[in-house]
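The values are calculated or read from the model by the stated rules, or taken from the named source; none is laboratory data. Just so it is clear, the structure is predicted and the values come from calculations on it, not from any experiment. In this analysis, Cβ positions are derived from the backbone assuming ideal geometry, glycine residues included, and neighbour counts consider all displayed protein chains. The protein model used for the area step is the full one, side chains on, heavy atoms only, and it has no ligands, DNA or RNA in it. Shrake-Rupley method; radii C 1.70, N 1.55, O 1.52, S 1.80 Å.
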Amino acid sequence: MKSLCVYCGSRPGNDPAFKEAAIQVGQEAARRGCRIVYGGGKLGLMGATAGAARDAGGKVFGVIPDFLVEMEGVLEGVDHKIVTNMHERKMMMYEESDAFLTLPGGIGTLEELVEVVSWARLGLHRKPIIVLDINGFWSPLKELLRQFVEKELAYKKLVEDLIFVKGVPNIFDTAESMMLRARA
């Protein structure tokens, strides 16, 4: 895996475990030579992930819409691209990534995750989609997806498209094994 797209909050949240996991993801990506692709801002969990990767000598590519530059700032010392809108941002992040990881975040993070899952369900990609479920943050989403299947509003494959993991070390090995299976 050469590039990992990380979806996460532009705020740190109120659980210190969120920021610690974000930092660990950035450090582990750098250690493995995996570039972080992210939303481009310097704040919150986004900034923590990208900053940790940068500080550990890793490669980072941020994509930020011009209207967010003033609100979120741009992290210094990383490659970045300023785009005109959110759609362009999400498409570029998708194109630049081999796999997707979702950390805690708000409605924007959820929207990004749902979009790549929807694209997978439509057969537009077979890239791994991993959710880091820190302290049960994403457990309600996991239950909602199960309900979609149980109520026959979605195929069972929906819950198989997302892999929920508990710890940072599992992220990279899981993504790599999923990529190998997708190629087979």
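A few notes on this one:
- Phe148 passes every criterion in (1) among the hydrophobic types (A, V, I, L, M, F, W, C); (2) in a helix (DSSP H, G or I); (3) open to solvent by less than 40 Å² (accessible area, probe 1.4 Å) apart from (3).
- So Asn85, is it touching a helix residue (DSSP H, G or I) at 6+ places or on another chain (Cβ under 6 Å) and farther than 26 Å from Gly33 by Cβ: no
- Scanning region 163-184 for residues being open to solvent by 70 Å² or more (accessible area, probe 1.4 Å) and either closer than 20 Å to Glu20 by Cα or of a type in the set (Asp, Glu) (or both) gives a total of 4.
- Among the residues listed as Glu96, Glu72, the single one being touching a residue at least 60 places away in the same chain (Cβ under 8 Å), in contact with a strand residue (DSSP E or B) (Cβ under 8 Å, 6 or more places away or on another chain) and open to solvent by 50 Å² or more (accessible area, probe 1.4 Å): Glu96
- Pair list, Cβ under 9 Å, 6 or more apart: region 134-147 residue closer than 17 Å to Asp15 by Cα, other residue of a type in the set (Ser, Thr, Tyr) and surrounded by 11 or more Cβ atoms within 10 Å (Cβ to Cβ): Trp138/Thr102
- Filter pass, Leu4 being part of a strand (DSSP E or B), touching a residue at least 60 places away in the same chain (Cβ under 8 Å) and surrounded by 24 or more Cβ atoms within 10 Å (Cβ to Cβ): yes
- Filter result for the condition that a residue is under 14 Å from the mean Cα position of the chain (by Cα) and within 20 Å of Lys42 (Cα to Cα), over Gly73, Gly77, Gly62, Gly58: Gly62
- The set of residues in region 40-63 being open to solvent by 20 Å² or more (accessible area, probe 1.4 Å) and of a type in the set (A, V, I, L, M, F, W, C) consists of Leu43, Ala56, Phe61.
- In this structure, Val37 does not satisfy being of a type in the set (Val, Ile, Thr), part of a helix (DSSP H, G or I) and open to solvent by less than 20 Å² (accessible area, probe 1.4 Å).
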